[in-house]
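Undergrad: The structure under discussion is supplied below as C-alpha cells; questions concerning it will follow.
Values in this text are rule-based calculations from the coordinates and carry no lab data. Quantities reported herein were computed from a predicted structural model and do not represent experimental measurements. As a convention, Cβ positions derive from the backbone with ideal geometry for all residues, glycine included, and neighbour counts pool all protein chains shown.
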Amino acid sequence: MMMNSKYFEAHHLPFIRERLHLLDDPAWEGIQTLQFYDPNSVQVISLVGGQLGIDRFMVGDTGLGILKLLTCGGFAIWSIIDWFMIPGVAREKNGMKLKETLAALHRTAPTTNEIGSTDREQE
C-alpha cells in the first residue's frame, strides 16, 4: 500500500486500506493487474504536449482534450494551469478506478451466514 500511495490522493487512502483488508486471495490477483496513471509521467506529458491536450487524453478526459486541442491549450493559459493540476487529476482518476474495482469485487464476493456456508451454496 505504501509503495503505491503516490498514485492516489491522501483522502482516498483510508477507504482503500479498509477495503483491501476485506479482500480474499483471488480478489487480490484482480487488484494487482490494474494499471494506474503515474502522476509524474502525466506531468511530463503535460509539459511537453499540454497545448495539444495529450495530457487530458491520457487520463481519459476526451472532451477536455479536444477542447485543449482546438484552443491550443486554452490560449496557453489552460496548459500552464494544467502543469500544476494534472498530477492531482491523475491521482483522482486512479482512486476512482480502484474504488470502482473494489466495489465490484465486494459485490461479487460470496457472503457468509452464521453457520459458515455461503449464500450461493444454499441455493
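Undergrad: Using θ = phi - 60° and the Karplus curve 6.51 cos²θ - 1.76 cosθ + 1.60, what whole-Hz ³J(HN,Hα) does each residue of the stretch 74-83 get, with Gly and Pro shown as x?
TA: x, 6, 6, 6, 4, 4, 5, 5, 5, 4
Undergrad: A follow-up question, please. Test of understanding: express the Cα radius of gyration of the chain as a ratio to 2.2 N^0.38 Å, with N the residue count.
TA: Details: Rg = 19.1 Å, N = 123, 2.2 N^0.38 = 13.7 Å.
Scaled against compact globular proteins, the figure is 1.39.
Undergrad: What is the sum of charges, Lys and Arg at +1 and Asp and Glu at -1, for the other residues whose Cβ falls under 11 Å from the Cβ of Leu34?
TA: Details: positive: Lys97; negative: Glu29, Glu100.
It works out to a net charge of -1.
Undergrad: Next question. Shape verdict for the stretch 39-108, please, from the Cα gyration tensor: rounded (a/c under 1.5), prolate (a/b greater than b/c) or oblate.
TA: Numbers: a/c = 3.45, a/b = 2.26, b/c = 1.52.
Taking the square roots of the gyration eigenvalues as a ≥ b ≥ c, the stretch 39-108 is prolate.
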